[in-house]
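The values are calculated or read from the model by the stated rules, or taken from the named source; none is laboratory data. All values reported here derive from a predicted model rather than from experimental measurement. Ideal geometry is used to build each Cβ from the backbone, glycine not excepted, and the neighbour counts take in all protein chains shown. Side chains are part of the model used for accessible areas, which takes the heavy atoms of the whole protein and leaves out ligands, DNA and RNA. Shrake-Rupley method; radii C 1.70, N 1.55, O 1.52, S 1.80 Å.
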Amino acid sequence: MQNPDNDQFEYDLGPSKSQKKRDMHSVQQLCDALAQLNIEARARLELPEPLLESIQIAVRIKSSSARNRQLRHAAKILAANEELLESVKTFLEVRKNQARHDQQRHKLVEQWRDRLLSDDQNALSDLFDEYPEADRQELSTLVRNARKELQSSKPPTQQRKLFKYLRDFVIT
């Protein structure tokens, strides 16, 4: 293609060698993430047989350099199929976001449990205001038993029951 400003030719050389290496390294990291998934999660992805076999081999390999070599092989297979590459990226991103959401939910349940077990008199009423579907009698009993348990330095059986109730029935 000729440049109108000067009579020089411009060529599209494509990505540099360094960029290609960076791209392959990111695909290899995706393959490593696939290797870290459990068998059921990998099965949900419906990976092609050569890629699945390559990843399963990488999982069994203990040597770091041999594992990396196997992951590079899997990355070549994955990079050859752009559609599959995008679906794997999406799947892993969704899993990451779900894990982040679960962590936030867990923290919220812990905060409510700790607040209910503290001397905060308004904690129970605030919980009922925010979650009106909660069973008042059961929750009050759980809080009372957990507080007694906490004061008498017993193992946290009732505190666990309170946590499970909050997790399962109240905070969804």
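Test K154 against the stated conditions and say whether it is farther than 30 Å from S26 by Cα, surrounded by 11 or more Cβ atoms within 10 Å (Cβ to Cβ) and at pLDDT below 90. First the steps, then the outcome.
Working: farther than 30 Å from S26 by Cα: yes; surrounded by 11 or more Cβ atoms within 10 Å (Cβ to Cβ): yes; at pLDDT below 90: yes.
Considered against the rule, which asks whether it is farther than 30 Å from S26 by Cα, surrounded by 11 or more Cβ atoms within 10 Å (Cβ to Cβ) and at pLDDT below 90, K154 comes out as yes.
Could you list, in sequence order, the residues of region 114-172 that are under 22 Å from H101 (Cα atoms), in contact with a Lys or Arg (Cβ under 7 Å, 6 or more places away or on another chain) and of a type in the set (F, W, Y)?
F163
Among the listed residues D168, D126, identify the single one that is out of contact with any Leu (no Cβ under 7 Å at 6 or more places or on another chain), open to solvent by 60 Å² or more (accessible area, probe 1.4 Å), free of Cβ contacts under 8 Å to residues at least 40 places away in the same chain and more than 21 Å from C31 (Cβ to Cβ).
Just a single option satisfies the conditions, and that option is D168.
Hey, can you tell me all the residues within region 58-86 that are in contact with a helix residue (DSSP H, G or I) (Cβ under 9 Å, 6 or more places away or on another chain) and farther than 17 Å from A35 by Cβ?
Passing the criteria: only N81.
What's the number of the condition L162 fails, among (1) out of contact with any Leu (no Cβ under 6 Å at 6 or more places or on another chain); (2) buried (at least 17 other Cβ atoms within 10 Å of the Cβ)?
(1)
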